[in-house]
Amino acid sequence: MTRYQRRKLINAINMTASMVVTLIGLAFLTWILTILVIKGGQHINWSVFTEITPGPGSSGGLANAIIGSLLLTVFGILIGTPVGVMAGTYLSEFGRHNRFSAMVRFINDVLLSAPSIVIGVFVYVVLVEPVGHFSGWAGAVALSDHRDSGGGSHYRDHADPSTGPDA
């Protein structure tokens, strides 16, 4: 058996194994989705989308959760996108080799590598705990903070290859 034939055989074995594992995973996902539709589909009605979430043991809906998710997303994008674009533009166009740019890049890299749960706990301690109740603004700040870290890095890395992490 030549080296090429051996590589083709190993490739065929690995492709077959990956297809089998993929099919097993898809079978489980299909099973879960089927059970979800069969058992949960009968409970979907207009009140699920129009009533607020009640206390335990009461009937109600998810209107506040849906609206809260929409507000969180919209305000997170409205806060995070402009700041991220401006930071990325500044870093790529004006902030080549000064201390402030190095500090912004460092903070951006720290935020980019921080897990979302750590950012969420930080925002909880800073914004939710002092107010005494949950707030859509706190979620928007957490989301915008996470968008800033990704946005700034994206614009910096693609704007000027000489300022990348290996430069």
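Every read-out reported here was derived from the displayed coordinates using simple, explicitly stated rules and does not represent laboratory data. Worth saying up front: this structure is predicted, and the values here are computed from it rather than measured. For neighbour counting, all protein chains shown are included, and Cβ atoms are generated from backbone atoms with ideal geometry for every residue, glycine included.
A few remarks follow.
- The trypsin sites (Lys or Arg not before Pro) of the range 87-125 include none that meets both conditions, a loop assignment by DSSP and at most 10 other Cβ atoms within 10 Å of the site Cβ.
- Multiplying the residue separation of Ala102 and Ser59 by 0.36 nm and subtracting their alpha-carbon distance yields 10.1 nm.
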